[in-house]
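Here's the structure, in structure tokens; my notes come after.
The values are calculated or read from the model by the stated rules, or taken from the named source; none is laboratory data. The structure presented is a predicted model; accordingly, all values stated were derived computationally and were not measured. As a convention, Cβ positions derive from the backbone with ideal geometry for all residues, glycine included, and neighbour counts pool all protein chains shown.
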Amino acid sequence: MLRVLFLLLLFVFIVKGCRLIYEKDIDNADLDNKPGELSDCCNHCKCTTGCKGYSWTDYQNGTCWLKSASEPLRDGVQVTFGVVDGYEGTFGTKLHLP
């Protein structure tokens, strides 16, 4: 029984992805930041307790800003906001798959 539960949780973790919305950001919800490309941010977020989304900028050759919230979004310049599937909130229809 525990093995089945473990495999199910592993499957959900692997399958669960992130969605992107370009030129948007979120203020005042920073958990942490990690160096990386935009393609790295989803995994950084999924491995960080409490992370629901992230912003990516080219600061210091690429930085993932991990967020504890997925809303409210604001307009941003040269920033991409990503959200872990399941935390889309009210803007889910505006998101694009990476």
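Please work out which one of (1) touching a Cys at 6+ places or on another chain (Cβ under 9 Å); (2) at pLDDT 85 or above; (3) in a loop (DSSP other than H, G, I, E, B) is the condition Cys42 fails and give its number.
(3)
For segment 47-72, what are the residues that are surrounded by fewer than 19 Cβ atoms within 10 Å (Cβ to Cβ) and in contact with a helix residue (DSSP H, G or I) (Cβ under 7 Å, 6 or more places away or on another chain)?
Answer for segment 47-72, where residues must be surrounded by fewer than 19 Cβ atoms within 10 Å (Cβ to Cβ) and in contact with a helix residue (DSSP H, G or I) (Cβ under 7 Å, 6 or more places away or on another chain): just Glu71.
If you take the residues of segment 55-98 that are among the aromatic types (Phe, Trp, Tyr) and not in a strand (DSSP E or B), which of them is modelled with the lowest pLDDT? Let's see the steps before the verdict.
In the first step, residues of segment 55-98 are kept if they are among the aromatic types (Phe, Trp, Tyr); the result is 56, 59, 65, 81, 87, 91.
Of the ones still in play, those that are also not in a strand (DSSP E or B) are 59, 87, 91.
Values: Tyr59: 94, Tyr87: 71, Phe91: 52.
So, considering only residues that are among the aromatic types (Phe, Trp, Tyr) and not in a strand (DSSP E or B), the one modelled with the lowest pLDDT is Phe91.
Mind listing whichever residues of segment 40-70 are free of Cβ contacts under 8 Å to residues at least 12 places away in the same chain and more than 10 Å from the chain's Cα centre (by Cα)?
Cys47, Thr49, Tyr59
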